Amino acid sequence: MIGLISYLTFFLTIALILAIAVLGLNLQWGFTGLFNGGIVAFFGAGAYGIVLLGGPERVDGLGGFGLPYPIALIGGVLSAGALALLVGLATTKLRHDYLAIATFGVAIALESVARNAEYFTGGAKGLSGFERPFESFIGNPFVYSLAFLFVVCLCVTAVYLFLETLVRSPFGRLLRAVRENERAATSLGKSPPTVRLISFVLGAMIMGLSGGLYATFYAFISPQDLAPVLTFQIWAMLIVGGSGNNKGAILGTLVVWGSWVGSGWLLAALAPQEWQLYAGSIQYILIGSIIVLTLLARPRGLLPEKLSQMHYTRQHVLAHTNAREAP
Amino acid sequence: MLQSLFDGILVGSILSLGAIGLTLIMHILRFANFSHAELISLGAYVTLTLDATISGMSDLLTEKLPQLSVSMSLILAMLLALLITGIFAALIDVLIFKRLRDNAGPLTMVFASFGIGLIVRNVIGLIYGLKSTHYNNDIAFAMMISADPLLLVKADQLFILALTLVVMVALHLLLTRTSIGYALLAVSENPELAQVNGINLAAMVRLAWMLGGALAAIAGVCYALNNQLSPVMGRDLVLSLFAAAIVGGIGSVYGAALGGLIVGLASSLALLYIPTGYKPAMPFVIILLALYIRPNGLFGEER
């Protein structure tokens, strides 16, 4: 029983950490229509940022400043934001798919830096020895994992509430205006490139937070964690859940992460020995098919975006006109 | 230095072939097709299978051309593979991209192209295995034209350069001397205006896919001759292809050809100064520089 609960805790912790990245993507793609082809870069910037700032001192390289946890986490989030600024400044004024290409490129570039710049990143070995906050204070590993899950839940809730507030605010309407009709937004004196840049950097910082929590959970980060497939997984989660809907983003994360873990488990248990080598390929085909088939068959996802159309329905407009004409 | 220049031109000419199809589709259909590079892998692997089939038919065909590790059967296989890859590219468009184009925005097609790339790459891995292979075992001992330590040149590499040159000239003649080429150029300049002049847009889109697929297949065979076949060869090239298309200017066939050479040379020369491990990051640096300095590329128009 304890085994099942602790596995469930593990599963949920990872799923909810990923859900934060999916929420960040929802801000970029769902609400602003920005294509991020390198989520893993911003995730990785957050992860490496926090381990470098908050980790133990390193004998053979830079970093390991041992800063207090919250400051290290903020540092990780900011480094993801800085990376997004570098890419965003070059691309948000241009054709929309340039952002896709540049973000795809930044992920590859970051992975090669992580692999090679041993002085900064520890190279292929990665960075280990990170001390998780309060771990020695709580002691019992099972209680600690439950507490960690609770903190991750709090973070998901905070990001969710932040985004819900944001998209309901005038700025949220501005985001959708830019997404739906850039020319109209410009004609109202708004600057779509600036709006896009803000949304892109904010979304990337949320992905950085997700990466920071991920590195904290494993107390370790290496280039293995920056494999491009993470980007595809996070897209699949958003597309399946329904882009433009924050609840859908979280639901999609659970569904897709569940089928990813489940398919891996099934392949390991059922597939014959000689097929085990190809289990990864089969899972990649699964993720690719989920993306393509969802786009073809159910492009709005499980929980589609709810646009508040109340102001524009016929009865509502009539009611307004009548009310004005009544006296 | 000399070696880097030679390698750069060699890789660059292969990139040029791959980037031409990419830039055409990116301009006509207005989306960045991340699965384009998988056509390179597909062309290379289809050639591998056909080569094995054809060389089984007659011993005459398996004999290597003088000095080269290329046989007649490989050339025949490549020609067939061009057709197959071209048809495959057009088929993917009809089955997936066209439906998304009709119902959703161009960025949805970008999403789908990632998914398609993921599927094609891993299906190739499932069929052919994850290990890299060669067209034949002689490639490892290929004939050296120049064995000078300053400049190592294999006969196969000169074959690749000659082949890409012939393809480029043929493409140039197609685009400037035939009405179908004019129509394609017109569509890539301005799809709406081309339609006003009675050009069948759907047919031209199909042609662009087939042409892009065929060129990618040639690029794949050349790349496999120069390096090896591996299911991830397309993935390794995709960013360089985009860099070539952006440097040349989206939509410009000649720009993509020149952009390929520039990216190939720049990546090869940069390795004189930076460690090899950073090689995958080079195309990104080129893309970022191009976007900051000259976002419309060398031959691209303002948009």
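Structural remarks
- Test for B:Ser13: is it over 21 Å from the mean Cα position of the chain (by Cα), polar (S, T, N, Q) and surrounded by 19 or more Cβ atoms within 10 Å (Cβ to Cβ): no
- Unique match (being more than 14 Å from chain A (Cβ to nearest Cβ), assigned to a helix (DSSP H, G or I) and under 16 Å from the mean Cα position of the chain (by Cα)) among B:Ala90, B:Ala77: B:Ala90
- The set of residues in the stretch B:267-280 being within 7 Å of chain A (Cβ to nearest Cβ), open to solvent by less than 50 Å² (accessible area, probe 1.4 Å) and either closer than 16 Å to B:Leu10 by Cβ or not in a helix (DSSP H, G or I) (or both) is empty.
- Exactly one residue out of B:Pro283, B:Pro231 is part of a loop (DSSP other than H, G, I, E, B) and either open to solvent by less than 40 Å² (accessible area, probe 1.4 Å) or without any contact (Cβ under 8 Å) to a residue 24 or more places away in the chain (or both), and it is B:Pro231.
- Residue within the stretch A:75-84 that is within 14 Å of chain B (Cβ to nearest Cβ) and in a helix (DSSP H, G or I) present: yes
- Test set (1) among the aliphatic types (A, V, I, L, M); (2) open to solvent by 30 Å² or more (accessible area, probe 1.4 Å); (3) within 14 Å of chain A (Cβ to nearest Cβ); (4) in contact (Cβ under 8 Å) with a residue 24 or more places away in the chain - B:Leu83 fails condition number: (3)
- Single residue of the stretch A:58-80 satisfying the filter (open to solvent by 80 Å² or more (accessible area, probe 1.4 Å) and aliphatic (A, V, I, L, M)) that is nearest to A:Met207 (Cα to Cα): A:Leu78
- Within the stretch B:289-303, the set of residues being in contact with a Ser or Thr (Cβ under 9 Å, 6 or more places away or on another chain) and either within 7 Å of chain A (Cβ to nearest Cβ) or outside any loop (DSSP other than H, G, I, E, B) (or both) comprises B:Leu291, B:Pro295.
- The residues on offer are B:Gly259, B:Gly264, and the sole one that is within 22 Å of B:Leu165 (Cα to Cα) and more than 14 Å from chain A (Cβ to nearest Cβ) is B:Gly264.
- Helices (runs of 4 or more DSSP H) lying entirely in the stretch A:120-192 (those with 1 or more residues that are in contact (Cβ under 8 Å) with a residue 40 or more places away in the chain, closer than 29 Å to A:Phe65 by Cα and of a type outside the set (Gly, Ala, Ser)): A:141-168
- Within this structure, A:Val143 passes the test of being among the β-branched types (Val, Ile, Thr) and either open to solvent by 70 Å² or more (accessible area, probe 1.4 Å) or more than 13 Å from chain B (Cβ to nearest Cβ) (or both).
- Search result, residues across the stretch A:234-266 that are polar (S, T, N, Q), buried (at least 23 other Cβ atoms within 10 Å of the Cβ) and either in a helix (DSSP H, G or I) or without any contact (Cβ under 8 Å) to a residue 60 or more places away in the chain (or both): A:Asn246, A:Thr253
- Candidates A:Ala21, A:Ala90, filtered to the one that is open to solvent by less than 40 Å² (accessible area, probe 1.4 Å), away from every other protein chain (no Cβ under 13 Å) and out of contact with any strand residue (DSSP E or B) (no Cβ under 8 Å at 6 or more places or on another chain): A:Ala21
- Scanning the stretch A:34-55 for residues that are outside any helix (DSSP H, G or I) and under 23 Å from A:Leu175 (Cα atoms) turns up A:Leu34, A:Phe35, A:Asn36, A:Gly37, A:Gly38.
- Scanning the stretch B:110-160 for residues being within 14 Å of chain A (Cβ to nearest Cβ), more than 20 Å from B:Thr47 (Cα to Cα) and not aromatic (Phe, Trp, Tyr) gives a total of 6.
- Considering A:Leu166, A:Leu154, A:Leu175, the condition of being more than 14 Å from every other protein chain (Cβ to nearest Cβ) and either surrounded by 20 or more Cβ atoms within 10 Å (Cβ to Cβ) or of a type in the set (Lys, Arg) (or both) is satisfied by A:Leu175 alone.
The values are calculated or read from the model by the stated rules, or taken from the named source; none is laboratory data. Just so you know, these numbers come straight off a predicted model, no measurement behind them. With ideal geometry, Cβ positions are generated from the backbone for all residues, glycine too; neighbour counts draw on all protein chains shown. For accessibility, only protein heavy atoms count, side chains too; no ligands or nucleic acids. Shrake-Rupley method; radii C 1.70, N 1.55, O 1.52, S 1.80 Å.
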